[in-house]
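Just so it is clear, none of the values below were taken in a lab; they were calculated from the coordinates. Nothing here was measured: the structure is a model prediction, and the numbers come from that model. Quick reminder, even Gly has a Cβ in these numbers, built from the backbone with ideal geometry, and neighbours come from all protein chains shown.
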Amino acid sequence: MIKSGSAHSLLHDVKNRGISAWLLAAILTGFYLVLYFTEWLAVPARMIGLESKWTLYGLLYTLAVTAGGVHVIRKYRHNRYQVIRTCVVIFVQSVFAFSIPQMLKFLHQPEYYFSYFWPLKMDYLTPSYIFSLPLPYILYSFLGSALLVPLLGALFGKRWYCSWICGCGGLANTFGEPWRHLSDKSNASWRIERVTVHAVLGASLLLTAMLFISWGAGKTNPAIVQWTAGFQSFYGLMVSSMLAGVVGVGLYPLGGTRVWCRFFCPMAALLGLVQKVGRYRIAVKENMCISCGMCSKYCEMGIDVRSYAQANESFTRASCVGCGLCAEVCPRGVLRLENVRTQAPQQAALVQIEGIRADRRLV
Amino acid sequence: MHYVMIGNGVAGITAALKIRERDRHARISVIGGESDYFFSRTALMYAFMDRMNPRDLEPYERKSYDAQRIERIRGWAAGLDANRKIVRLDDGREIAYDRLLLAGGSVPNRAPWAGLDTVRDGVVQFVSLQNLADCERLTPSTRQAVVAGGGLIGVELVECLVHHGVEVDFLVRDSWYWPVALNREEGAIVSDHIRHCGVRLHLEQEVDRVTAGADGRVSSVRTNKGVEFPCQLLGTCIGVRPAIDWLKSGAPGLALGRGIKVADDFRASLPDVWAAGDCAEFTRPDGGSLLEQIWYSAKRQGESAARAMLGDTAAYRPPLFYNSAKFFEIEYTTVGEVTRAPAGATTFFHRVPGKDASIRIVENEGAVVGVNLLGSRWNHKWFEKWIAERRSMAHVVANLHLAQFDVEFGRLALESVRAAFQSAERRAA
Ligand SMILES: Cc1cc2nc3c(=O)[nH]c(=O)nc-3n(C[C@H](O)[C@H](O)[C@H](O)COP(=O)(O)OP(=O)(O)OC[C@H]3O[C@@H](n4cnc5c(N)ncnc54)[C@H](O)[C@@H]3O)c2cc1C
Ligand code: SF4
């Protein structure tokens, strides 16, 4: 039941796909269309002394993460995992994703974002771009994507990136907090997610391969260069602009905060595969779940956490970003995020309903 | 073979799913009067507080029931004819069964207060979806409420009302909060916390007389101490009892006590009829009766009863008691016997300084028999193991860290617990 009072009604409306939510989604989507496809934002940027619309966007983004982050820290102040994680998110956004790149530009260095890696940031393994940078940047790019990302993923799960470092996840977990529950929890959307996210990963791998081929063999083969350039601009438009920006953030108030991360992000797909074989899992306390569903409701990735909890099954889902909100909202303390050396199966449970979860087993 | 369950709560649905798991061909039907689909009663409060939609309360996707070929029948069972093997619904429909499970759960206890018969509106309970609808209808026109009964359902209703900005007078009959499960010290921690959350908690007071206004709606409540509390809503949360009223006249030959009397294989006194969940009454080895009325037991009994209906012969033995709850923000876990520990048992109690957290360990004849844990998270499985292994209190205190289940970076520091235990040991020696 909605709290009485017009302020509460409006809050409910904007958080639950009411008219105001549609309006806000239209505004956010419009903002991204303007940002990506016009130069209008260059005007206000210049007015406040910023050099481009992208700097203005970076500033707004950082402000949204900080303001939302302060709200989240207050809301979950009793939970140290949430407090520490959110502090790190704000710090990484304001320092690594905003201040340092601006400073580098000021020092006539390349505008490099140390908190982004391939394949989220395709540039960082695009040979024509990356080899134009000084050696330390080249090393950071290659070692980061090839070593750091999978290694930390295996040790701690994808959360180290997706909900501690990444700007997309950072915005979702701070500014996006009021809409996290809107993610669809059905099995059907899980099936769709597995197709789409791996399709984008496939496309990003293919594009990277083509970029290397055209970089190496382009001189003798102008057709390859042409195809690659075409594919690259298609990928840039569809994935980086439309899916990550317009759909990813524009639809927060309608589809929840992690639409991009869940259905499209190639980095999340890659880390998800690592996570499945790594140490991270959500431990389920045996026979303590009361099936209330709070964990599923507040899972931003649309994981039906309750289906595991009520079946006494500790689990690792590829999509889980380890935000820890399921454990936070569970009124019976059933869930715990942990990194374990061996994924020992739990003691045989007293009550285990396997039948109903038969289709879960397909994965 | 047609299996029919009366009651689509956790006991009935768990039984239906278990039967389907073992028997791919049987016909399975579930009769429910309260809702079309199984929902989680334990989450009623989150619907009331708008933290969930009613639909979110359903533990299984709706299409699962078709996928599992479980037929859902909406309606109230009103009669049971064991000779013809037929269940009659209150609208006259008849449903034939081969094997029947009674899993109708519980209903709220009726309040014995004077004046209730003059009240036409404003008195609510908090057990069913229909109760929730009443609460939601009345809350917007409620400024002050009285909630009577200091159990777990009462405190949940209080939390919901406080959330909606209602001033609540919370009447608890006992001299501290929830003495059946908590000792005085824990009762005080919880009471302080409840008061801190803005509730006027009155201990040692119970309702004596209820008064209605001219419109028939409750207008005030007088307690046994003669105090008068004005209110527009009165929550009666004074426990539940098995939902067996319809069976008293509607099921000739069925043995009833407080609940439906069953043997340790869930068989009721009529042929091919079983019962499980809140409504089933077992006989203890010492002759006393046993009703288990929590979620965990209903789920466990539903599954075990299904096995029995399928022909397994194992007898049901309730495991060591455990439970969990939440009082506003304070989480609570209990395992074994604490308030009902045998005379002569020794107790270690420690409140963690500066926190609403405490640990109580009860030992009898050198072996731990129960724990009560407030304010931090624990994996009850470890305590079950230690109790089964008859470990000493010293062993449990030394190994407490194994059972911790707090969030990462948020583990309760155990130094103060261990220091307190050592000084208690020294004093004893
Ligand atoms: C507000 C609240 C909070 C709770 N919180 C907790 C908790 O945190 N932890 C815990 O362990 N326990 C909790 N409980 C107790 C727990 O919900 C019950 O023990 C459990 O639901 C019992 O399950 P059951 O299947 O036996 O019965 P029920 O859940 O009561 O289901 C029985 C169903 O059968 C229906 N029915 C009854 N008679 C008929 C009939 N003649 N015809 C058709 N249908 C019929 C009823 O309407 C009901 O829908 C809570 C209870 C309430 C009310
Ligand atoms: S929030 Fe906790 S108790 Fe509720 S369904 Fe999830 S795991 Fe179970």
Could you tell me whether B:E303 is buried (at least 19 other Cβ atoms within 10 Å of the Cβ) and within 16 Å of ligand 1 (Cβ to nearest atom)? yes
Among the residues of the stretch B:48-62, which ones are touching an Asp or Glu at 6+ places or on another chain (Cβ under 8 Å) and more than 7 Å from chain A (Cβ to nearest Cβ)? B:M49
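Based on what the data block shows, is B:D169 without any contact (Cβ under 8 Å) to a residue 12 or more places away in the chain, under 30 Å from B:S324 (Cβ atoms) and not aromatic (F, W, Y)? Spell out how you get there, then give the answer.
Numbers: without any contact (Cβ under 8 Å) to a residue 12 or more places away in the chain: no; under 30 Å from B:S324 (Cβ atoms): yes; not aromatic (F, W, Y): yes.
Answer is no for this residue.
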Right, B:R41: in contact (Cβ under 8 Å) with a residue 24 or more places away in the chain and within 14 Å of chain A (Cβ to nearest Cβ) or not? yes
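Tell me which helices (runs of 4 or more DSSP H) are completely within the stretch A:1-78 and hold 2 or more residues being of a type in the set (S, T, N, Q), or say none if there are none. So that I can check it myself, show each step before the final result.
Working: elements: A:6-15, A:19-37, A:42-47, A:53-75.
Qualifying helices (runs of 4 or more DSSP H): A:6-15, A:19-37, A:53-75.
Among the residues of the stretch A:289-299, how many are within 7 Å of another protein chain (Cβ to nearest Cβ) and within 7 Å of ligand 2 (Cβ to nearest atom)?
Initial filter on the stretch A:289-299 (within 7 Å of another protein chain (Cβ to nearest Cβ)): A:290-294, A:297.
With the extra rule that they be within 7 Å of ligand 2 (Cβ to nearest atom), the set shrinks to A:290-294.
Final tally of qualifying residues: 5.
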Have a look at A:S99, A:S128, A:S132, A:S115 and point out the one that is exposed (fewer than 15 other Cβ atoms within 10 Å of the Cβ) and touching a Phe, Trp or Tyr at 6+ places or on another chain (Cβ under 8 Å). A:S128
Of the residues that make up the stretch A:316-325, is at least one within 13 Å of chain B (Cβ to nearest Cβ), on the phi < 0 side of the Ramachandran plot and either within 12 Å of ligand 2 (Cβ to nearest atom) or surrounded by fewer than 24 Cβ atoms within 10 Å (Cβ to Cβ) (or both)? yes
Taking the residues in the stretch B:82-101 that are in contact (Cβ under 8 Å) with a residue 60 or more places away in the chain and away from ligand 1 (no atom under 13 Å from the Cβ) as candidates, determine which candidate is farthest from the other protein chains (Cβ to nearest Cβ). B:A82
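Enumerate the helices (runs of 4 or more DSSP H) found wholly within the stretch A:155-260, keeping only those where 3 or more residues are aliphatic (A, V, I, L, M). Break it down stepwise before answering.
On the way: elements: A:159-162, A:167-173, A:187-217, A:222-235, A:252-255.
By residue number, A:187-217, A:222-235.
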Against the conditions (1) surrounded by 14 or more Cβ atoms within 10 Å (Cβ to Cβ); (2) within 14 Å of chain B (Cβ to nearest Cβ); (3) hydroxyl-bearing (S, T, Y), where does A:S186 fall short? Just the number, please. (1)
Looking at the structure I just gave you, is B:R72 within 15 Å of ligand 1 (Cβ to nearest atom) and more than 8 Å from every other protein chain (Cβ to nearest Cβ)? yes
Selection from the stretch B:24-38 of residues that are of a type in the set (D, E, K, R) and touching a residue at least 12 places away in the same chain (Cβ under 8 Å): B:R27, B:E34, B:D36
Could you give me the residue pairs with C-beta distances under 6 Å whose first residue belongs to the stretch A:277-297 and is farther than 22 Å from B:Y322 by Cα, whose second residue is of a type in the set (D, E) and within 16 Å of ligand 1 (Cβ to nearest atom) wherever it lies, and which are 6+ apart or on separate chains? A:K297/B:D56
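Residues that are surrounded by fewer than 18 Cβ atoms within 10 Å (Cβ to Cβ) and away from chain A (no Cβ under 14 Å): list the helices (runs of 4 or more DSSP H) wholly contained in the stretch B:102-215 that include at least 3 such residues. Walk me through it before giving the result.
On the way: elements: B:129-138, B:152-163, B:184-196.
It comes to B:184-196.
Based on what the data block shows, is A:A217 exposed (fewer than 15 other Cβ atoms within 10 Å of the Cβ), touching a helix residue (DSSP H, G or I) at 6+ places or on another chain (Cβ under 7 Å) and not polar (S, T, N, Q)?
Values: exposed (fewer than 15 other Cβ atoms within 10 Å of the Cβ): yes; touching a helix residue (DSSP H, G or I) at 6+ places or on another chain (Cβ under 7 Å): yes; not polar (S, T, N, Q): yes.
For A:A217, the condition - exposed (fewer than 15 other Cβ atoms within 10 Å of the Cβ), touching a helix residue (DSSP H, G or I) at 6+ places or on another chain (Cβ under 7 Å) and not polar (S, T, N, Q) - is met.
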How do the pairs read when you match residues in the stretch B:206-231 that are farther than 18 Å from B:R143 by Cα with residues anywhere that are acidic (D, E), using Cβ under 6 Å and keeping only pairs 6 or more apart or on different chains? B:T223/B:D208; B:N224/B:E206; B:N224/B:D208
Which of the residues that make up the stretch B:10-43 are within 6 Å of ligand 1 (Cβ to nearest atom) and touching a Phe, Trp or Tyr at 6+ places or on another chain (Cβ under 7 Å)? B:V10, B:G33, B:T42
From the residues in the stretch A:262-285 that are within 14 Å of another protein chain (Cβ to nearest Cβ) and assigned to a loop (DSSP other than H, G, I, E, B), which one is surrounded by the fewest Cβ atoms within 10 Å (Cβ to Cβ)? A:R279
Only unsatisfied item for A:R180, checking (1) basic (K, R); (2) under 30 Å from A:L28 (Cβ atoms); (3) surrounded by fewer than 21 Cβ atoms within 10 Å (Cβ to Cβ), is (3)
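Can we say B:R307 is basic (K, R), assigned to a helix (DSSP H, G or I) and within 16 Å of ligand 2 (Cβ to nearest atom)?
Details: basic (K, R): yes; assigned to a helix (DSSP H, G or I): yes; within 16 Å of ligand 2 (Cβ to nearest atom): no.
When the stated conditions are applied, B:R307 does not pass them.
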Consider only pairs whose beta carbons are under 6 Å apart and that are at least six residues apart or on different chains; among these, list those whose first residue lies in the stretch B:134-163 and is within 11 Å of ligand 1 (Cβ to nearest atom) and whose second residue is part of a helix (DSSP H, G or I). B:E156/B:M45; B:C160/B:M45; B:C160/B:F48
Across the stretch B:236-262, what is the number of residues that are within 11 Å of ligand 1 (Cβ to nearest atom), closer than 13 Å to B:N109 by Cα and outside any loop (DSSP other than H, G, I, E, B)? 3
Here are some conditions: (1) within 25 Å of A:W179 (Cα to Cα); (2) hydrophobic (A, V, I, L, M, F, W, C); (3) within 14 Å of another protein chain (Cβ to nearest Cβ). A:V259 meets all but one. Which one does it not meet? (3)
